[in-house]
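The values are calculated or read from the model by the stated rules, or taken from the named source; none is laboratory data. Note that the structure is a prediction, hence the values are computed from the model and not measured. These accessible areas exclude ligands, DNA and RNA; they are computed on the full protein's heavy atoms, side chains included. Shrake-Rupley method; radii C 1.70, N 1.55, O 1.52, S 1.80 Å.
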Amino acid sequence: MRLYNSLTRTVEEFRPREPGRVGLYTCGPTVHDFAHIGNFRAYAWEDLLRRHLEARGLAVHHVMNITDVEDKIIRKAAAAGASLREYTDRYTAAFFEDARALRLLPAHVYPRATEHIPEMIELVRRLEAAGHTYRSEGSVYYRIGSFPGYGRLSGLDPDSLRAGARVDADEYEKDDPSDFVLWKAQKPGEPAWDSPWGPGRPGWHIECSAMAMKYLGESFDLHTGGVDNKFPHHENEIAQSEGATGQPFVRHWMHCSHLIVNGEKMSKSLGNFYTLRDLLERGHEPRLIRYLLVGTHYRNQLDFSEKALEQGRAELSRVDNAAERLARLATVERGEARLAPRVEAAREAFFAALDDDLNVSGAMGEAFQLVRDVNAAVDRGEASREDAAAFEAFLADADRVFGVLRPWQPVEAAPAEVLALLDARQAARAAKNWAESDRLRDAILAAGFVIEDTREGPQLKRRA
Ligand code: AMP
Ligand code: ZN
């Protein structure tokens, strides 16, 4: 399989460190608000990447962090008069609910930043010992001039590095490569943890370095995010991790282009965003939203519009119609499987396209060509029950990656309290607290729902 590597700026053969196993770190949500569908473009593409790696037989260990402490969160929690945890729990639960609605495979670990402060402190200490830091007024900064590779990922001109200039903000301007903060001294009224430098909190970038290395090791295969994460976030992650360990942090970096509306990046700050909830309330099917999110090649901008929704709806119904026509046929006609070799060729071409840096348009093109051929065969009266089975098997395989080619059974809408119990059960299971997980399962049962564990995570069904 060949994948573009942002570090080398070329499409390369993807070779995991250990044959057959892949460590994947995806930068997760900053839980200060509902995620918008621009964010979900990143998560949906990462889901497609993971599913394709798995379809090719690789065992993926997927870690997605939950950023639950940084500038914006602290500001907004204070404005809402809520504790950090109360405030972020609300949006973390909303994130999991949206991710389930879009059928994103759950990560194996969802580390929360606030539950890994000791690991972050330890990493800052290692950087201090290695001479990459300096202190000022209770804060600790990374001296980017001390790390020769700084700027390699984002292609910064080394001459633009301004010695001594530093920033405290978690997010900063693209053209401002400055020393950045690792540990921030507490300001009045802010949440803080004890540290060797006094009370304070971690900077955003150190969070991901510490959690990625804890769960995937000092050196791992794949790290992804939206293209806006490249600088400063991922550049800083590399400097922090490699500065401390002396090992290459990540072998293969991948970034998706933005989802845009009317020519502009969808973002909270521009106010041009929709959440998944907005779209579902307007009556759009979650399946259609997922189709649009995964249907554009990840390195191209995704233009999200009414027109794209229309077109996507028409494309999905063409696939459904062909499958239905064949299914009806399947009950009456018997005969030779004349289409079977055609279906086999389509399957090969479909997966070969995905092997080529996740060429989704190529793969979908194959699927749609097959749909046309199937329809033509039905029109000519040349399709049989065996053909129907072959086509159905193709859709099932292709759908293990895309997750949209077959109609979705509506998921039973469970009340928010029950969903909250389900999230708590997932957390208990992640912490291997089986007694608590059993207790929560019983509470869910008492509320009238049973949990079915599926590949796409636990689903709730109303109790019969
Ligand atoms: P955040 O919660 O802001 O840290 O963003 C979460 C993820 O969404 C990151 O991987 C971002 O790069 C990505 N992201 C943010 N806005 C967009 C957008 N308009 N299109 C695609 N990805 C985005
Ligand atoms: Zn990150």
## Note on the structure
Helix 37-55 sits off the longest principal axis of the Cα atoms of the chain, rounded to the nearest 10 on a 0 to 90 degree scale, by 70 degrees
### Query
Could you name the lysines in cross-link range of Lys265, using Cα to Cα under 27 Å and dropping any fewer than eight places away on the same chain?
Lys72, Lys76, Lys174, Lys230, Lys307
#### Entry: region 342-370 versus region 386-439: alpha-carbon centroid distance in Å
25 Å
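Quick check: at a probe of 1.4 Å, how many percent of the accessible area of the chain sits on carbon and sulfur atoms? Each step should come with its number before you reach the end.
On the way: 9930 of 20380 Å².
Reported share for carbon and sulfur atoms: 49 percent.
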### Query
Just for the Cα atoms in region 416-462, what are the lengths along the principal axes, largest first, rounded to whole Å?
26, 24, 15
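Whole number please: convex hull volume per residue, Cα atoms of region 22-109, in Å³. List each step's numbers first, then the result.
Working: hull volume 7.2 nm³, N = 88.
Per residue, the Cα convex hull of region 22-109 comes to 82 Å³.
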### Task
Let me have the 222 nm mean residue ellipticity of the chain computed from DSSP H runs of 4+ only, each contributing -39500 (n - 2.57), with the sum over all residues rounded to the nearest 500.
-14500 deg cm²/dmol
### Task
Compute the Rg/Rh shape ratio of region 143-265: radius of gyration over Kirkwood radius, all on alpha-carbon atoms.
0.98
### Query
Percent of alpha carbon pairs in region 357-397 separated by more than 12 Å?
64 percent
### Message
Using only the alpha-carbon atoms, how far is helix 416-430 inclined from the longest principal axis of the chain? Give it as 0 to 90 degrees, nearest 10.
### Response
70 degrees
## Note on the structure
Scaled by the rule-of-thumb 2.2 N^0.38 Å, the alpha carbon Rg for the chain gives a ratio of 1.06
### Query
Which angle between 0 and 90 degrees, to the nearest 10, do you get for helix 235-245 versus the longest principal axis of the chain when only C-alpha atoms count?
70 degrees
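So what is the orientation-averaged projected area of region 101-185, using the convex hull of its C-alpha atoms, in nm²?
Numbers: hull surface 32.4 nm².
Directional mean of the projected Cα hull area for region 101-185 stands at 8.1 nm².
Could you give the Stokes-Einstein D for region 305-408 in µm² per second, using the C-alpha Kirkwood radius, 25 °C, 0.890 mPa s?
Details: Rh = 14.0 Å.
Rounded, D is 175 µm²/s.
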### Summary
Binned at 5 Å starting from 0, the alpha-carbon pair-distance distribution of region 107-150 in whole percents comes out as 5, 19, 21, 21, 15, 11, 7, 1
### Query
For region 1-157, what mean projected area does the convex hull of the alpha carbons give, in nm²?
12.1 nm²
## Note on the structure
Averaged per residue, the 1.4 Å probe accessible area of region 305-408, protein heavy atoms only, in Å², is roughly 47 Å²
## Note on the structure
region 416-462 accessible area per residue, 1.4 Å probe, protein heavy atoms, integer Å², reads 57 Å²
